[in-house]
Amino acid sequence: MRNVRQTNVNIHRDSWVEINIGNLAHNAKEIRKNVPSDTKLLAVVKADSYGHGSVMLAPTLLASGFDMLGVASIDEGVDLRNAKINAEILVLGAVPVWAIETAIQEDIAIPIFSDAHIDACKQAFLRTGKKPKIHVKIDTGMNRIGIGYDEAVEFIKKVQRCDFLDFRGIFTHLAAAEERNETQVQIDRWNNIINNIDTAGLLLHIQNTVGTMCYNIPKSNMRRVGIALYGLYPDFPPDNEGFRPDLKQVLSLKGRIVHIHTAHDGAGISYGHTYRAKGDRRIATIPIGYADGVSRGLSNKIYGILNGQKVPQVGNITMDQMMFDITGVKAELGDVITLLDEENSIDNWAKILGTINYELTCRLKVRLPRVYTR
């Protein structure tokens, strides 16, 4: 199967992101089989599934054992609804009070963590006659959003008295799941809250991707998984005793050669001439650059695969193009250079740039068409 995502993208360039839906299904099932069958799973598809395309991937995730979808904003949830995705959707980030009515109409659950949220939910209920679906967000140590852990019990009991709310769950976020001591502090705060409230019928979720794999937290009946679905590993605790699923990278980045020429000895290549040819070198250009999300900081540090052989990227990566030294490789115009795939992981780029794989997949811009294969 091969098709292009339904969106306004330029499909007249010889460059694209390729998404392997078969690998996605493999990863989802690999995670599902290592989680108790009575524990629900939420697939995090925020930021357009970390740059992979949430509308195209959601059906496969739901068919592969996941129960809910997590997004960052109401708009991301609406995009899924417009694509006829009927699964439970939860916004994981803060929602403006003026957007609550949209959440009700689109059947999207939202987090609340203040009296202002409760009041706004009441007004939205009075206008629509429909109860907002809500999860209470607790801040147990992330210090980002959420009701403070020392106020959470009282707040939750207040929410439970509100007959205009459809109270669905309680959640928090682990700030440093790769650090066991830091995480245990958050788990202890979580347990103290859960032990002091009535949780009948509620979804309780504290584990993120690392938490899902490395921590058994009995007072939790749903887990949220993000980056691992896309075949990339997060940072694990040094003494990881949990499961490490067999993941397959879902995303590939490819471009066709649009120009080949010979750079003679000493010739500088690209802006600033940061690379100079040593002897005559055969240089190929592909139409991918930093405006597509490939950082200029990767210049002269990465390689591509051309007809089964590694070829170094040379010269500064420009806004829309980059060059490769293909000397000694049999190639012609139209041949494909693969920058990222299962063998050449985006983790390599993250290491060079001193960042995380999540950031780099999200950077790959929408002007690169997404081609979906199985």
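Okay, here's what the table says:
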{"item": "Segment 123-151 and segment 48-64: distance between their alpha carbon centers, rounded to Å", "result": "26"}
{"item": "In segment 243-286, chymotrypsin sites (Phe, Trp or Tyr not before Pro) in a DSSP loop with at most 14 other beta-carbon atoms within 10 Å", "result": "Phe243"}
{"item": "Segment 243-374: Rg to Rh, with Rh as the Kirkwood radius over Cα pairs", "result": "0.98"}
{"item": "Calculated FRET value between Thr262 and Asn82, using beta carbons and R₀ = 35 Å, to 0.05", "result": "0.10"}
{"item": "Backbone HN-Hα couplings from phi across segment 108-125 [Karplus 6.51/-1.76/1.60, Hz, Gly and Pro as x]", "result": "10, 7, 10, x, 10, 7, 8, 5, 4, 5, 4, 4, 5, 5, 5, 5, 5, 5"}
{"item": "Nitroxide proxy distance, nm - points 7 Å out along Cα→Cβ at Glu178 and Arg363", "result": "1.7"}
{"item": "Kirkwood hydrodynamic radius of segment 81-228, Cα pairs, Å", "result": "15.8"}
{"item": "Accessible surface ranking that places the most exposed of His264, His259, His117 first, with a 1.4 angstrom probe", "result": "His264, His259, His117"}
{"item": "Relative contact order %, the chain, counting alpha carbon pairs below 8 Å whose residues are six or more apart", "result": "20"}
{"item": "Percent RCO, i.e. relative contact order, over segment 107-241, from Cα pairs under 8 Å lying at least 6 residues apart", "result": "19"}
{"item": "Accessible heavy-atom area order of Cys162, Cys121, highest first, probe of 1.4 Å", "result": "Cys162, Cys121"}
{"item": "The chain - convex hull of alpha carbons, volume per residue in Å³", "result": "148"}
{"item": "Relative contact order [Cα under 8 Å, 6+ residues apart], segment 44-131, whole percent", "result": "23"}
{"item": "Placed amide H near Glu18: partners under 5 Å, 5+ positions off or other chain", "result": "Ser252, Leu253, Lys254, Val371"}
{"item": "Two-decimal ratio, segment 178-271, of alpha-carbon radius of gyration to 2.2 N^0.38 Å", "result": "1.85"}
{"item": "Cα-Cα separations in segment 1-151 greater than 23 Å, expressed as whole percent", "result": "47"}
{"item": "Lysine pair count for segment 218-374 [Cα-Cα under 25 Å; pairs on different chains or 8 or more apart]", "result": "20"}
{"item": "DSSP beta bridges in the chain [antiparallel fraction, %, rounded to 5]", "result": "50"}
{"item": "Highest-first arrangement of 175-181, 339-345, 248-254, where packing means the average Cβ count within 10 Å", "result": "248-254, 339-345, 175-181"}
{"item": "Cβ-derived FRET efficiency at R0 35 Å, Lys29 paired with Leu333, nearest 0.05", "result": "0.30"}
{"item": "Modelled FRET efficiency - R0 41 Å, Glu106 with Tyr271, Cβ distances, 0.05 increments", "result": "0.35"}
{"item": "For segment 236-247, Karplus couplings with θ = phi - 60° (6.51, -1.76, 1.60), whole Hz, Gly/Pro x", "result": "9, x, x, 9, 3, 10, x, 8, 10, x, 7, 9"}
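The values are calculated or read from the model by the stated rules, or taken from the named source; none is laboratory data. If you're wondering where the values come from, they're calculated on a predicted model, not measured in any experiment. All Cβ positions, glycine included, derive from the backbone under ideal geometry; neighbour counts span all protein chains shown. The accessibility values were calculated without ligands, DNA or RNA, using every heavy atom of the protein model including side chains. Shrake-Rupley method; radii C 1.70, N 1.55, O 1.52, S 1.80 Å.
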